[in-house]
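The values are calculated or read from the model by the stated rules, or taken from the named source; none is laboratory data. Keep in mind that this is a model prediction, so the values were computed, not measured. Note that each Cβ is placed from the backbone with ideal geometry, even for glycine, and that neighbours are counted across all protein chains shown.
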Amino acid sequence: MRADYIRLWVRTKLLPRSALSLIDTEYRHGAMDRISDFFRKVRLFLKTVKAFVLSGFRRTTKSETERRLSICSTCELFDAESASCKKCGCRMKIKAQWRVASCPLKKW
């Protein structure tokens, strides 16, 4: 089903035609899941950014940010090397500061 969306994006010129053959090849090799995961992460990020902007760019207090980051640092889905969440793909040092942001695992 995701491949159908990508074909639509090619027809509407949102993606180059060369992307279609690459995606078809990747789809046969099981990489379509990675592409779907990427678009899911982009959608979640844009949703969070929209909420942050609509909130008037409201930030958390320093202690709340530190509390959130300490929870993230103990999570199995936290990538310490990039300081990002493997579930949503966000950089947690930034996301933890946004008052409207939340953990995708509902930990904060």
From the option list Val42, Val10, Val100, Val49, single residue qualifying as modelled with pLDDT of 95 or more and either surrounded by 13 or more Cβ atoms within 10 Å (Cβ to Cβ) or of a type outside the set (D, E, K, R) (or both) is Val100
Please state which of the following conditions Arg34 fails to meet, knowing it meets all the rest: (1) closer than 25 Å to Lys86 by Cβ; (2) surrounded by 11 or more Cβ atoms within 10 Å (Cβ to Cβ); (3) at pLDDT below 90.
-> (2)
Of all residues in region 51-101, how many are without any contact (Cβ under 8 Å) to a residue 40 or more places away in the chain, part of a loop (DSSP other than H, G, I, E, B), more than 17 Å from Phe38 (Cα to Cα) and small (Gly, Ala, Ser)?
-> 4
